[in-house]
1. Among the residues of the stretch B:198-216, is any within 30 Å of B:R87 (Cβ to Cβ) and not in a loop (DSSP other than H, G, I, E, B)?
2. On the basis of being touching a residue at least 24 places away in the same chain (Cβ under 8 Å) and closer than 18 Å to A:L63 by Cα, does A:G124 make the cut?
3. Does the stretch C:66-73 contain any residue that is under 30 Å from C:S224 (Cβ atoms) and either surrounded by fewer than 20 Cβ atoms within 10 Å (Cβ to Cβ) or modelled with pLDDT of 95 or more (or both)?
4. I'm checking my understanding of the structure. Among residues of the stretch B:1-58 that are assigned by TED's automatic domain parsing to the domain that holds B:A235 and polar (S, T, N, Q), which one is farthest from B:V257 (Cα to Cα)?
5. It is to be established whether one or more residues within the stretch C:125-132 are without any contact (Cβ under 8 Å) to a residue 12 or more places away in the chain, more than 24 Å from C:W292 (Cα to Cα), surrounded by fewer than 19 Cβ atoms within 10 Å (Cβ to Cβ) and touching a helix residue (DSSP H, G or I) at 6+ places or on another chain (Cβ under 8 Å).
6. Is it true that C:R116 is within 22 Å of C:A32 (Cβ to Cβ), in the same structural domain as C:Y45 (by TED's automatic domain parsing), surrounded by fewer than 20 Cβ atoms within 10 Å (Cβ to Cβ) and touching a residue at least 60 places away in the same chain (Cβ under 8 Å)?
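The values are calculated or read from the model by the stated rules, or taken from the named source; none is laboratory data. All values reported here derive from a predicted model rather than from experimental measurement. Note that we place each Cβ from the backbone using ideal geometry, even for glycine, and neighbour counts take in every protein chain shown.
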Amino acid sequence: MATEVQGTEAVAHEDEGVRRRDFINIAAVSFAGVGGLAVLYPLITQMNPSADVLAQATTEVDLSAITEGQSIKAVFRSQPLFVRHLTAKEIAEADAVDPATLRDPQTLEQRVVDGKKQWLITMGVCTHLGCVPLGAGEGENKGEFGGYFCPCHGSHYDTAARIRKGPAPKNLVVPEYTFTSDTAILVG
Amino acid sequence: MVRFLGALVGLFFAGMLLLSFLWGAVAYVSAPPAETVEHAFHEHPKKVAWSFNGPLGHYDRAQLQRGFQVYTEVCSACHSLHQVAFRSLGDLGYSEAEVKAIAKARQVPDVDPKTGEAATRPGIPADKFPLVYPNDVAARAANNNAIPPDLSLMAKARHDGANYIYSLLTGYQSQPAELLKKFPDAKTGEGLHYNPYFANLNLAMAPPLSAEGQVTYGEGQPKPTVDQMAQDVSAFLMWTAEPKMEARKSTGVAVIVFLLIATVLAYMSYQNIWANKEH
Amino acid sequence: MSFPWAEHYTPKHPLMKWMDEKLPLPRFVYNAVGGGYEVPRNLNYFWNFGVLAGLALTVQLVTGIILAMHYAANGAVAFDSVEHIMRDVNSGWLLRYAHANGASFFFIVVYIHIFRGLFFGSYKAPREMVWLLGIVIFLLMMATAFMGYVLPWGQMSFWGAQVITGLFAAIPVVGEPIQTWLLGGFAPGNAALNRFFSLHYLLPFVIAGVIILHIWALHIPGSSNPTGVEVKGPQDTVPFHPYYTAKDGFGVGVFFLIFALAVFFAPNAMGHPDNYIPANPMSTPAHIVPEWYFWPFYAILRAFTMDLTIPFTGIVLVPAKLLGVLAMFASILLLFFLPWIDTSPVRSGTYRPLFKKFFILLIVDVLILGYCGGAPAEEPWVMISQLAAAYYFAHFLIILPIIASFERPDPLPGSITEAVLAKSKHKTGETVAIAAE
């Protein structure tokens, strides 16, 4: 520090020269800074999903074997995916609820594909802290509203997988998917 | 004391080495090592003017596709490409649908979802090229005791890889008469093929590219001569070994330009700061 | 410590004052590599290589920690995980090539650093401890580099692990149990791969620790300089910052330029193609060699082809294999004794006419050893390496002590400043002469 001050005093007369010299030093340091920042890019981007992980970002599910009232767990992006064949009773129960009374107001229609109201496809990840709720397997606890129940912190989901009771803030997420035929969907 | 002991150690090692040298030199002069047939007849790869040579080189997409075709129709009968995923074929200029079709045409190992038994299913782009043989024992059994190596990294696993593959594919010939005269014991064995570009001159693989038109190239492509097919498949194997080469070279040019400017600035700044200081 | 005329750290901002009272880290940095460290004004470009070595270690640490996020140390998948880095991980190819070439560049820089010390007598009193710690760093680097080379689990990795641990098997009686213990098996396998990975991750931090001691020890007497004449007064020195930070900045730029040329345009030039073949315990490559930076030592190892026997009895005292191993370790360990072997009172080779000639011979000798170490174990390479290795030992253990006592050194300059001014006068004189023509 002190030496720089001395140096500046020594050449204070040649104002022009000083400015040019300072400019070169500043330019050199700035270039070093830019270079340092550029190096950060590969160091940061390497943590993003790699090409092989991204390539497995879609999942096909065959619906033909799922009978009414049954649900299965598939895997989508390394997370559980709930595929549920709703019964008429379950659909009626879901429709009977006034969305305005819900924490995350949505109707069943908004959560299924038009004309395929019996197929409820959601992520099996509780929106509270990410546990896998029960209710998709045979004989599992479906909670007070007949949908899914998360045992970690006691969140209850209804037959449209909407949050009804407990700490979870949102309904179970509906991923993007399309019907590739009457009995098959492509998720992602 | 340190110097004395050190000198003793030094004299001991230097003395042993000089003795070994004398011993070796006497042996070398009295019975010079016989020239080996590999020394005399092994040839270095022929140089090809690849499109990917040099700091600005790029792959020729059409050539890579032709090379892939040669691999598929000829090499893939025995050689796997296990590090390469179908999805990366998009880099050769294939569309998504074409990549899907290529993957679907191959059976990849999986587990039967109903019985849990080993089974196969059509490939998807996320899969890698399946192995040709389930294990080395099967590979040996099917190939007269020689394992056809995986080709994914072949172009980096040999000195001067792409040139080497090209030279090997086009280098099959009958053993020179001169060789047999000089080394009568070096006659190419049963089931082996003479090739001066192969390290020990004789390899188990029969000439894979033997006739013009063995592979039918599409409209507007060069004539599928043996030489052309060998070049194409060598270029393709360079790509399988180093798929990121183009990104590497183009990043490199930008980095070098940046560093040149930064270094010149650093030099000027250095001169500047030392301007009033003799050193 | 520093010279009495060195600038003192005086924090101005209240926050810096507060910091200085609680944790004087800025003061520490200022005194180590800032305006508070006074350095001889006449250092040449060879003095850049200490900073460059630190930089190379940093490159290795950063890229290495990141590669470890993607690498899997398991014999079944290690090779594929490296290919996964090369093909699928974002910027993975760049990070791996930077790490692989970074090892080579680390050694290039450190070798120049060592030869700088050898020529300018940097190992002599009062800097013996700096030199000793430097050799410790060098040994740690060799261990780290060797274990790192095993990790990709290619053919050279596998057979390198086999051969290098085999060196220990040369020790009589306990040798083979030691090799088995090192590998955790009878041949390199999963156990060896995992422990090498663990140690390869650990050792660089140990190196960083020893580097701190190395710099600490350096700062006690202060940096040496090309004349070897000690600093006499304030006119002989300049503050590290901004003078040498600026010079090192330029050096760093040149380093990165050459490094980038290797990483982006010839990333496999310093590697061996066989390491792109997965490890195969059933077949040894035709011609196995370590990485280039071990070649001189590998040549010394292979140069011993004769057992030490009692003449005419055929009783083997020391087998050739053990001799080679002992000589290879001795070739590095003798450097520990160098400060006491070379007793010449003159530090810098510049003023030692005889030493200078032998020093050039040593450089040529080590280059020849390097070439022989990379060549196949055939004649004439073995014979050449025997002569070269003999000179290597003779140089350090016999020639150096002898010339130290016989040599008549050139007159030394009275001070650093005197040398600097004489040089610049010489330079201006030349310019005048050219102008006159």
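1. no
2. yes
3. No: zero hits.
4. Among them, the one singled out is B:S51.
5. There is no residue in the stretch C:125-132 that is without any contact (Cβ under 8 Å) to a residue 12 or more places away in the chain, more than 24 Å from C:W292 (Cα to Cα), surrounded by fewer than 19 Cβ atoms within 10 Å (Cβ to Cβ) and touching a helix residue (DSSP H, G or I) at 6+ places or on another chain (Cβ under 8 Å).
6. Yes, satisfied.
A quick yes/no check of all residues on (1) within 30 Å of C:A327 (Cα to Cα); (2) touching a Leu at 6+ places or on another chain (Cβ under 6 Å); (3) more than 10 Å from every other protein chain (Cβ to nearest Cβ):
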position	(1), (2), (3)
C:Y371	yes, no, yes
C:P380	yes, no, no
C:I384	yes, no, no
C:F396	yes, yes, no
C:P413	no, no, yes
C:I416	no, no, no
C:S424	no, no, no
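So that you can scan it fast, the table gives a plain yes or no per residue for (1) in the same structural domain as C:I277 (by TED's automatic domain parsing); (2) surrounded by fewer than 20 Cβ atoms within 10 Å (Cβ to Cβ); (3) within 27 Å of C:L61 (Cβ to Cβ):
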| site | (1), (2), (3) |
| --- | --- |
| C:V163 | yes, yes, no |
| C:F168 | yes, yes, no |
| C:I178 | yes, yes, no |
| C:P188 | yes, no, yes |
| C:A192 | yes, no, yes |
| C:S198 | yes, yes, yes |
